[in-house]
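Only one structure is covered here, and it is reproduced in the block below.
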Amino acid sequence: MSATKLGILLVRTLAKPIANSIKNYSKRHATFRQMCINVAQATHRFEIKLKMNLLSQKSEKIRPLNDAKAVEMGANFLGEAVIFGVANRQHQLNEQIEKLQEETTELKSHIEINRSFEDRMMNQLEELKNDNEKLRTLLDRILIKGLEPRKSQILRFPGMQWENKDDNKNPQDQNTLENKTIEKIDSQNLNSADPQ
């Protein structure tokens with residue numbers, strides 16, 4: 001309860017300079033003065049009716065305030081309304097700022113996750129490029145060895161061993177067999193290259 005009273009006292013203290021400015025402004029402008037009077041009369045009627053209802057009194061005719069008191073009361077009310085409005089808006093802005101900070105933190109975490117995923121994908125891409133380059137080099141070597149004029153070389157694939165069943169045969173027969181095999185491959189290449 002004392003915190004509420006302290007808050008009200010603080011608002012009234014802060015509202016006094018604003019209320020004084022409103023009073024001075026209402027002296028120079030008749031329309032604004034009338035608005036202050038109307039606001040003061042309405043709040044006065046509401047306050048009296050509320051008191052009567054709370055105290056269970058029968059309703060009587062409510063006497064209006066005189067103009068000087070109404071201008072002062074209206075200026076005070078408007079000053080306090082400005083302070084409460086600013087405080088309310090400040091509270092809303094603080095809540096929005098907190099919400100934006102939470103969203104920013106969440107977005108930063110998503111960005112970090114995306115960066116780590118991107119780094120992993122880049123590493124995998126590099127590995128795939130390296131593997132592709134190795135395969136390309138191997139394929140080039142296979143093609144070069146298959147097409148070179150040295151017919152006595154045996155093609156070697158990594159991780160594969162060729163069994164030579166003709167190890168006991170005569171080397172001259174071996175060369176003849178290789179020559180026939182190479183000629184057969186060359187004739188197949190020529191046939192596939194000829195347009196029909």
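Couplings 3J(HN,Hα) for region 81-87, derived from phi with the Karplus relation 6.51 cos²θ - 1.76 cosθ + 1.60 (θ = phi - 60°), are 4, 5, 4, 5, x, 5, 5 Hz, where x marks Gly and Pro. With a/c under 1.5 counting as rounded, go ahead and sort region 2-98 into rounded, prolate or oblate using the C-alpha gyration tensor (a ≥ b ≥ c being the square roots of the eigenvalues; past the cut-off, prolate if a/b is larger than b/c, else oblate). Because a/c hits 1.5 or more and a/b fails to exceed b/c, region 2-98 counts as oblate. Summing charges over neighbours of Leu55, with a neighbour being any other residue whose Cβ is under 14 Å away from its Cβ, gives +1 when K and R count +1 and D and E count -1. The HN-Hα couplings worked out from phi for region 16-21 by the Karplus form 6.51 cos²θ - 1.76 cosθ + 1.60 (θ = phi - 60°) are 4, x, 5, 4, 4, 5 Hz, whole numbers, x standing for Gly and Pro.
Converting phi to 3J(HN,Hα) with the Karplus coefficients 6.51, -1.76 and 1.60 and the offset θ = phi - 60°, region 46-52 yields 4, 5, 5, 5, 4, 4, 5 Hz in sequence order, with x at every glycine or proline.
Other residues within the sphere of radius under 13 Å centred on the Cβ of Thr13, judged by their own Cβ, net out at +2 (K and R +1, D and E -1).
Sorting the segments 124-132, 61-69, 30-38 by their residues' average number of neighbouring beta-carbon atoms within 10 angstrom, most packed first, yields 30-38, 61-69, 124-132.
Readers should treat all values here as calculations from the given coordinates under stated rules, not as data from a laboratory. Since this is a predicted model, take the numbers as computed values, not measurements. Cβ atoms come from the backbone with ideal geometry, glycine included; neighbour counts cover every protein chain shown.
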